[in-house]
Amino acid sequence: MPGLYVKQFKQGINRDIFKVSKKKSDKLPMVAFSASRGPENKLKTYNIIKTFYAFYPHLKWVRFQELEGMDREQFAERLSSCAFYLYTDDIAGFGTAPLEAMACGTHNVGWASFGGKEYMTKENGFWCNNGDIFQTAEILGVAIDKWLNGEMDNDEIQNEYEKTLSRYTVDGEKENIIKLLNEYKDERIKELESFKK
Amino acid sequence: MNTKMKESKNLKASKSNILVGLYLDQIKHEGQINECLFGLANQAYPVDVVILDGGLSDAEVEVLMKTAQCPSIKTVKTDQDGKINEVIIKAENGIDINIIKTTKSSFSKIFNDLFNLSIENGYEAFSIAEVDDAIGSNWYKIANIYMKENEEVGFFLPMIRNFQNGSLSGLMNEACWAEGISEEAGKFDMNLLLRFNCANPLGGIYRVEHLKEYSEEKGGRFYPMKESIKISHYYEFFLRMVYNDIKMMTVPRIGYDFRINNMNEFSHSSSKIPNNITAIPIDKGGVNVQETSFWVELAKKEYFFDEDRNKVYEQQSQNS
């Protein structure tokens, strides 16, 4: 149909790129983060990290890895090698990064921003009040302690992530958008036919 | 309950590839062994346990066997009315232990005994624990996964929670994960070990095959740890192994609770050097400041040699 161009939306998570590493030992005790919403967001994220180190001196050896200036494959690889993802986007309209983290078997700690409430549940991440630096630093320590104690080594957590991710597949996204456009097309045809009469 | 005495063959109680050893020369009270055995009985991955008996009385052996049948721990829980109650949690399974008589021992001798028992009985790896400590119930499971996934690594150390006089003072074995500390994250190297004596042998699993190659052999017995070295025996051991390219890593999981108190007496069968060791009288196991530095410095010189050169503190001080 002329003028109708079906775009493939990126909302679905590409599991060929974002995947759980095969070896358990590939998961490093590191926290990935991407403070990409400008200098204010960067400052807030660094404050979380500083507060975390102040709260938990016994975890001073835990490293933070900024995911910046990488292509998608590199981003996915680094994300997959980290045990945690610190999500500090307070104005996200949806928030794809936590879903990508789940796809990599990386546990989320971060802000339950407005857009993310669609999929964020207490089962699939350590979600904190949007913008709360102290709470996030505290919860991050709790999460790392749990992981170090082996309490997060079971498959149940990944199953929960998969449950969430099943709503955000690339194929699903394609189907949804085509369905949506077909509905729009049918409505338009109906509308045009009604003019003929 | 499986208890074998005075024999070292046929230790294998299960299909486990890991042998865990404890040394006991006295049981101060039942609670002392309960928590350690509870941790071993509750392991998500089964391990075989051997007790090296350095002079337990018959009554103590009986207490040990009774405790091993159903180890338990005591904890407190607050009920709905806010009342605090003591709760006893029993292990889901009993634990099969083998008891092997040995002589009054030093830590390095215990380590070597365990190594030789592991060879004789065909274990892939062994581990050493101390009886006052606690072992995480998932530790040997995750350590075994790391061992299977990392064929090139010889030793897998747990992160250890360090309790000094009852309060948590931090973690141990974690240094190799810190930024810019070691060349490869999570693995110990010479630079790191020479800068800090930061690796603790307790709870770690040691691959028998990797160790065998760099252990001195005398009369059919292997000596991976040099028995003549006091205090810094395991430091020298780690230095020598890493120097010989044996890879050693810390599994990023807390697997072991290390408990140490200031004490009036120190037994060299323990690897836990108390902070007040220089204040303990020499006849009660204490070591003076000069001797302590002598052994630490010696470790940094002796790791070049695979064989034990039997250096003695007195002789060295006379020469120097």
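The values are calculated or read from the model by the stated rules, or taken from the named source; none is laboratory data. It should be emphasised that the depicted structure is a prediction, and the values quoted were computed from it without experimental measurement. Every residue, glycine as well, gets a Cβ built from its backbone with ideal geometry; the counts of neighbours run over all protein chains shown.
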Answer from A:LEU140, A:LEU165, A:LEU99, A:LEU86 - the residue that is over 30 Å from B:SER169 (Cα atoms), of a type in the set (A, V, I, L, M) and in contact with a Phe, Trp or Tyr (Cβ under 7 Å, 6 or more places away or on another chain): A:LEU99
Lone unmet requirement of (1) within 25 Å of A:PRO57 (Cβ to Cβ); (2) modelled with pLDDT under 95; (3) hydroxyl-bearing (Ser, Thr, Tyr) for A:SER113: (1)
Residue under evaluation A:PHE84, criteria (1) more than 14 Å from chain B (Cβ to nearest Cβ); (2) closer than 15 Å to A:GLY110 by Cα, criterion not met: (1)
Matching option when the condition is farther than 30 Å from A:MET30 by Cβ, modelled with pLDDT of 90 or more and crowded, with 22+ Cβ neighbours inside 10 Å, among B:LEU298, B:LEU239: B:LEU298
Residue in the range B:143-180 that is farthest from B:TYR243 (Cα to Cα), counting only those that are in contact (Cβ under 8 Å) with a residue 24 or more places away in the chain and of a type in the set (S, T, N, Q): B:ASN165
Strands (runs of 3 or more DSSP E) wholly inside the range B:162-234 that include at least 1 residues being of a type in the set (Ser, Thr, Tyr) and within 14 Å of chain A (Cβ to nearest Cβ): B:167-172
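Would you be able to say whether some residue in the range A:107-128 is free of Cβ contacts under 8 Å to residues at least 12 places away in the same chain and more than 24 Å from A:LEU67 (Cα to Cα)?
yes
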Residue check, B:SER137 under 18 Å from B:ASP257 (Cα atoms) and assigned to a strand (DSSP E or B): no
Count - residues of the range A:107-118 that are under 14 Å from A:PHE33 (Cβ atoms) and away from chain B (no Cβ under 14 Å): 4
Residue in the range A:153-164 that is outside any loop (DSSP other than H, G, I, E, B) and either more than 17 Å from the chain's Cα centre (by Cα) or within 14 Å of chain B (Cβ to nearest Cβ) (or both) present: yes
Residues within the range B:127-161 that are more than 9 Å from chain A (Cβ to nearest Cβ) and of a type in the set (Phe, Trp, Tyr), tallied: 3
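This table checks each residue for (1) surrounded by fewer than 20 Cβ atoms within 10 Å (Cβ to Cβ); (2) at positive phi; (3) part of a strand (DSSP E or B); (4) in contact (Cβ under 8 Å) with a residue 12 or more places away in the chain.
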residue: B:ILE89; (1), (2), (3), (4): yes, no, yes, yes
residue: B:ILE95; (1), (2), (3), (4): no, no, no, yes
residue: B:ILE110; (1), (2), (3), (4): no, no, no, yes
residue: B:ASN116; (1), (2), (3), (4): yes, no, no, yes
When residues of the range A:23-72 are limited to those that are within 9 Å of chain B (Cβ to nearest Cβ), among the basic types (Lys, Arg) and not in a helix (DSSP H, G or I), the one surrounded by the fewest Cβ atoms within 10 Å (Cβ to Cβ): A:LYS23
Matching residues, the range A:101-131, being of a type in the set (Lys, Arg) and either over 24 Å from A:GLU40 (Cα atoms) or in a loop (DSSP other than H, G, I, E, B) (or both): A:LYS122
Sole exception among (1) surrounded by fewer than 20 Cβ atoms within 10 Å (Cβ to Cβ); (2) not in a loop (DSSP other than H, G, I, E, B) for B:ASP132, by number: (2)
Residue check, B:ILE231 closer than 30 Å to A:ASP26 by Cα, surrounded by 14 or more Cβ atoms within 10 Å (Cβ to Cβ) and either touching a Cys at 6+ places or on another chain (Cβ under 8 Å) or in contact (Cβ under 8 Å) with a residue 24 or more places away in the chain (or both): no
The range B:190-210: number of residues that are buried (at least 21 other Cβ atoms within 10 Å of the Cβ) and out of contact with any strand residue (DSSP E or B) (no Cβ under 7 Å at 6 or more places or on another chain): 1
Selection within the range B:244-294 - among the hydroxyl-bearing types (Ser, Thr, Tyr), buried (at least 19 other Cβ atoms within 10 Å of the Cβ), out of contact with any strand residue (DSSP E or B) (no Cβ under 8 Å at 6 or more places or on another chain) and not in a loop (DSSP other than H, G, I, E, B): none
